[in-house]
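Colleague: Let me begin by handing over the structure; questions about it come next.
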Amino acid sequence: MDEYPLIENHGLIGDLQTAALVATDGTIDWFCCPRFDSPSVFGALLDREKGGHFRVAPLNATYTTKQLYLPDTAVLVTRFMTESGAGEVIDFMPPTGRTATDRHSIVRMLRCVRGSMTFEVDIAPRFDYGRAPHTLHTTEHGAVFVSERMELTVHAVREREDERLLTSLSKEHDLHFSLTLQAGQQRGVVVESAAGGPPREILPADFDMMFAAAVEHWRTWLRQSRYTGRWREAVERSAITLKLMTYAPSGALVAAPTAGLPEQLGGERNWDYRFTWIRDASFSVYALLGLGFTEEATAFIGWLRDRVREKAGSDGDTGPMNIMYRVDGSSDLFEETLEHWEGYQGSRPVRIGNGAATQLQLDIYGEALDSIFFAHQHGIQLDHRAWTSLHTLLDWLTDHWDQPDEGLWETRGGREDFTYGRVMSWVAFDRALRLAASSGRPAASGRWVEARDAIYEQVLQRGWDPQRQAFVQHYGSAVLDSALLRMPTVGIITPDDPMWTSTLEAMDRELVTDSLVYRYNPEASPDGLRGSEGTFSLCTFMYVDALARAGRVDQARLVLEKMLTYANHLGLYSEEIDLTGRQLGNFPQAFTHLAFIDAAITLDANLNRARARAAA
């Protein structure tokens, strides 16, 4: 624990209500309970001394590690190789289901597969981001950590006759023990919140049943996938990762299971991503339905419909919807700083909550309507109440679309007339008109058509810079913005329109570096924050999609293949990549994996069409 692991040196496990990160050295250094957005129990990823951790590693031995997922599952295997033997820890969280619960388990099974190995286990929770003290009570079968608002119970996994295999020692309210195993032996621990009883003895045979149930759960779920394209293994790993970041009781998808991981080491661009963004709706519904996961898409649309119906955000300056919510749909995302934590590699401040939640971002209405319309095309229908609420939302947008906003990237440098916000406002009216026509719903068609057409004319005139021969970030600027890679995807312009092809060529020259794509140039367009950032993995996959749609399929394929080399050893992506190839930002990021799935589907289809044309 002397140094921070690389962000990418982690795997993700979860139970569909919360998740944990497991480093390649066997340390769980991030776990929030009982939900994704709850306070942390293990948070060493953001403060190695004060954050808390759960470590399993060979005792007093030099070792190398390897990490993999059991194929087609979210069961993570971390392997240790030493001169005296080889062992592994198998980590998973039994799925909890759709009913919200405080009871969650992390299962850590220790195996020796060759020779012999003594494992050292170190369990040191720090409740409420390390702010809540706790006590430790040990028993014959385990231990209980008790804080004011939470209890964490440790159950021993062992055979009844081999209790002397375990030597325990509690120190300063933490639990440390060692366990010596020979080849073929299997023991371990289960850590459980809200256990509802004392520590209990778990037999290895019982663990085998838990393990088999978890494997079967994930493999049964994955069999729903219809994707058979060129990048099947990577696409299915992304699908499992997205499922791990879904809160089953509501269907909401968190942007990432982490908070505070920096976009620049030592910088201030450190945000809390454990919430659900409205704009993720468009990407997630397209990706999920594109793969065949109808149940997940239906659940997310249900969550989105609830946000439309309740209009939880202000209906004043920031509109009838917030840009993000907690996984249960609540809108209290007050941002605060954990002053007692040093941050990942000294990257302060460490923020929890998100102050951007009440920003005005006009694009969210287009993304919401786009996803609702796409779901409608796949048989996921709106009820009367939801349509009525949607009608009210569009009435508001009719009166407010033509104003500056904070933009897709949640800049903190003031409002501008962002072109992307106008594009997605056009999408909102376009999809609403199509939805009303296809379902026979009452609509203010005249007003909506007038607004849609006015936005179109404005974007094509004011969003276009004739000197640069490109669409720009906001009116009156000459700055390029990779958010506009979505323009042909949503249909406001065709992929072969000269105005678009010249925009894409301008982005090639200015935003693309060896296939990786920047969001924009913060020096040319100050965003109110100090420092710089890496390339955005989301934008790279959007670039692949745009290239494929523009007919540049060979280049799109090369960019995608290069991008796959930047994934971590498990196929996971954080938000950004720096010049050295290291991953930066919160990890793993849902937006990136969603964009990858969309790009893979689009490119695969375009490659097939190109092959068919060549064979004709």
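The values are calculated or read from the model by the stated rules, or taken from the named source; none is laboratory data. Model, not experiment: these values are computed from the prediction. Glycine gets a Cβ as well: all are built from the backbone with ideal geometry, and neighbour counts include every protein chain shown. Calculation scope for accessible area: heavy atoms of the full protein, side chains included, ligands and nucleic acids excluded. Shrake-Rupley method; radii C 1.70, N 1.55, O 1.52, S 1.80 Å.
Colleague: Using alpha carbon centroids, what distance separates the stretch 433-479 and the stretch 124-148, in Å?
Modeller: Using only Cα atoms to place each centre, the spacing works out to 56 Å.
Colleague: What per residue convex hull volume, in Å³, do the alpha-carbon atoms of the stretch 430-580 yield? Don't jump to the answer; show the numbers that get you there.
Modeller: Working: hull volume 24.2 nm³, N = 151.
Dividing the Cα hull volume of the stretch 430-580 by its residue count gives 160 Å³.
Colleague: Give me the angle, in degrees from 0 to 90, between the Cα long axis of helix 280-291 and the longest principal axis of the Cα atoms of the chain, rounded to the nearest 10.
Modeller: 80
Colleague: For q values of 0.14, 0.25, 0.29 Å⁻¹, compute log₁₀ I(q)/I(0) with the Debye formula on a Cα-only model of the stretch 1-44, without solvent.
Modeller: Treating every Cα as an identical point scatterer, log10 I(q)/I(0) equals -0.30, -0.86, -1.04.
Colleague: To the nearest 10 degrees, how steeply does helix 445-462 sit against the main Cα axis of the chain, on a 0 to 90 scale?
Modeller: 90
Colleague: Using 0.36 nm per residue, how much length does the chain from HIS400 to ASN521 gain when fully extended, once their Cα-Cα distance is taken away?
Modeller: On the way: separation 121, 0.36 × 121 = 43.56 nm, distance 2.82 nm.
Full extension from HIS400 to ASN521 adds 40.7 nm.
Colleague: Can you compute the charge dipole magnitude of the stretch 73-179 about its Cα centre, using +1 on each Lys and Arg Cβ and -1 on each Asp and Glu Cβ, nothing else charged? Give it in debye, rounded to the nearest 20. Walk me through the numbers before you get to the answer.
Modeller: Working: 13 positive and 16 negative charges, 67 e Å.
It comes to approximately 320 debye.
Colleague: Can I ask one more? Please compute the length gained on full extension between ARG131 and HIS176, using 0.36 nm multiplied by the number of residues separating them and subtracting their Cα-Cα distance. Walk me through the numbers before you get to the answer.
Modeller: Numbers: separation 45, 0.36 × 45 = 16.20 nm, distance 2.16 nm.
Gain on stretching ARG131 to HIS176: 14.0 nm.
Colleague: Taking only pairs that are 8 or more places apart or on different chains, how many Lys pairs in the chain have Cα atoms under 30 angstrom apart? Spell out each step's value before the answer.
Modeller: Numbers: LYS50/LYS66; LYS50/LYS171; LYS66/LYS243; LYS66/LYS562; LYS243/LYS311; LYS243/LYS562.
For the chain, the number of qualifying lysine pairs is 6.
Colleague: Compare LYS243, LYS562, LYS50 by solvent-accessible area with a 1.4 Å probe and give them largest first, with all protein chains kept in place. Intermediate results must be reported in sequence, preceding the final value.
Modeller: Values: LYS243 30, LYS562 70, LYS50 105 Å².
Correct descending sequence by accessible area is LYS50, LYS562, LYS243.
Colleague: Read phi for every residue in the stretch 562-574 and hand back ³J(HN,Hα) as whole Hz from Karplus 6.51 cos²θ - 1.76 cosθ + 1.60, θ = phi - 60°, with x for Gly and Pro.
Modeller: Per residue, the Karplus-derived 3J(HN,Hα) values read 4, 5, 5, 6, 8, 5, 6, 4, 10, x, 9, 10, 8 Hz.
Colleague: Right, here's the next one. What residue among SER477, LEU203, ASN354 has its Cα farthest toward the positive end of the dipole of the chain, where the charges are +1 on Lys, Arg and -1 on Asp, Glu, each on the Cβ?
Modeller: LEU203
Colleague: So between ALA612 and ARG149, what do we pick up on full extension, going 0.36 nm a residue minus the alpha carbon distance? Before the final figure, lay out the partial values.
Modeller: Values: separation 463, 0.36 × 463 = 166.68 nm, distance 6.21 nm.
Full extension of this stretch gives 160.5 nm more.
Colleague: Ranked from the most accessible area to the least, with a 1.4 Å probe and all protein chains present, what is the order of TRP277, TRP464?
Modeller: Numbers: TRP277 15, TRP464 40 Å².
If we order TRP277, TRP464 from most to least accessible, we get TRP464, TRP277.
Colleague: Still on this model: Give the accessible area for LEU59 in Å² (nearest 10); use a 1.4 Å probe, count only protein heavy atoms, and leave out ligands, DNA and RNA.
Modeller: 60
Colleague: Quick one: angle between helix 232-244 and the longest Cα principal axis of the chain, in degrees between 0 and 90, rounded to 10, please.
Modeller: The two axes meet at around 80 degrees.
Colleague: If you don't mind, there's one more thing I want to ask. If a paramagnetic tag sat 7 Å from the Cα of GLN555 along the Cα-Cβ line, which residues of the stretch 457-474 would have the backbone N under 19 Å from that point?
Modeller: Counting backbone N atoms under 19 Å from the label point, the list is 468-472.
Colleague: With bins 5 Å wide starting at 0, give me the P(r) of the stretch 342-468 over every alpha carbon pair, in whole percents.
Modeller: Computed distribution, short to long bins: 2, 10, 18, 19, 16, 12, 9, 6, 5, 3, 1, 0.
Colleague: Quantify how much of the Cα-Cα distance distribution of the stretch 317-367 extends past 14 Å, in percent. Could the numbers behind the result be given before it?
Modeller: On the way: 763 of 1275 pairs.
Tail of P(r) above 14 Å: 60 percent of Cα pairs.
Colleague: Same structure, new question: Rg and Dmax in Å for the stretch 171-263, alpha carbons only: what are they?
Modeller: When restricted to Cα atoms, the stretch 171-263 yields Rg and Dmax of 18.7, 54 Å.
Colleague: Rg and Dmax of the stretch 1-138 over Cα atoms: what are they, in angstrom?
Modeller: Radius of gyration, then largest Cα-Cα span, for the stretch 1-138: 15.1, 47 Å.
Colleague: Would you calculate a helix-derived [θ] at 222 nm for the chain, using -39,500 (n - 2.57) for each DSSP H run of n ≥ 4 and dividing by the full residue count, to the nearest 500? Intermediate values should be presented prior to the final figure.
Modeller: Numbers: 14 runs with 204 residues, N = 616.
When only DSSP H runs of four or more count, the value is -11000 deg cm²/dmol.
Colleague: Let me ask something additional. Suppose each label sits 7 Å from its Cα in the direction of the beta carbon; what would the GLN224-ALA183 distance come out to in nanometres?
Modeller: In this crude spin-label approximation the distance works out to 4.3 nm.
Colleague: So how far apart, in nm, are the two label points at HIS141 and ALA213 if each is 7 Å from Cα heading toward Cβ?
Modeller: Rounded to a tenth, the inter-label distance reads 1.6 nm.
Colleague: Another question, then. When the expected Rg is taken as 2.2 N^0.38 Å, what fraction or multiple of it is the alpha-carbon Rg of the stretch 37-86?
Modeller: Values: Rg = 14.4 Å, N = 50, 2.2 N^0.38 = 9.7 Å.
Taking the Cα Rg and dividing by 2.2 N^0.38 Å, one obtains 1.49.
Colleague: Right, another one. One-quarter of the Cα convex hull surface for the stretch 414-463, in nm²? Don't skip to the end; give the middle numbers.
Modeller: Values: hull surface 15.1 nm².
Projected area, direction-averaged: 3.8 nm².
Colleague: Can you tell me what percent of all Cα-Cα pairs in the chain are more than 46 Å apart? Don't skip to the end; give the middle numbers.
Modeller: Working: 32943 of 189420 pairs.
In whole percent, the long-distance tail amounts to 17.
Colleague: Take the alpha carbon atoms of the stretch 215-299, find their radius of gyration, then divide it by 2.2 N^0.38 Å using N residues; give the quotient. Before the final figure, lay out each step's value.
Modeller: Numbers: Rg = 14.7 Å, N = 85, 2.2 N^0.38 = 11.9 Å.
So the Cα radius of gyration is 1.23 times the expected 2.2 N^0.38 Å.
Colleague: If you don't mind, another one. I want to check the label-to-label distance for GLU336 and GLU3. Put each point 7 Å from Cα in the C-beta direction and report it in nm to one decimal.
Modeller: Going by the 7 Å Cα→Cβ label model, 3.5 nm.
Colleague: Give the long-range amide H neighbours of GLY251: residues separated by 5 or more places, or on another chain, with amide H under 5 Å away, using H modelled in the peptide plane at 1.01 Å from N.
Modeller: Placed amide hydrogens put nothing under 5 Å from GLY251.
Colleague: What size of dipole, in debye to the nearest 20, comes out for the chain about its Cα centre when the only charges are +1 on Lys and Arg C-beta atoms and -1 on Asp and Glu C-beta atoms?
Modeller: On the way: 60 positive and 84 negative charges, 315 e Å.
Its charge dipole is roughly 1520 debye.
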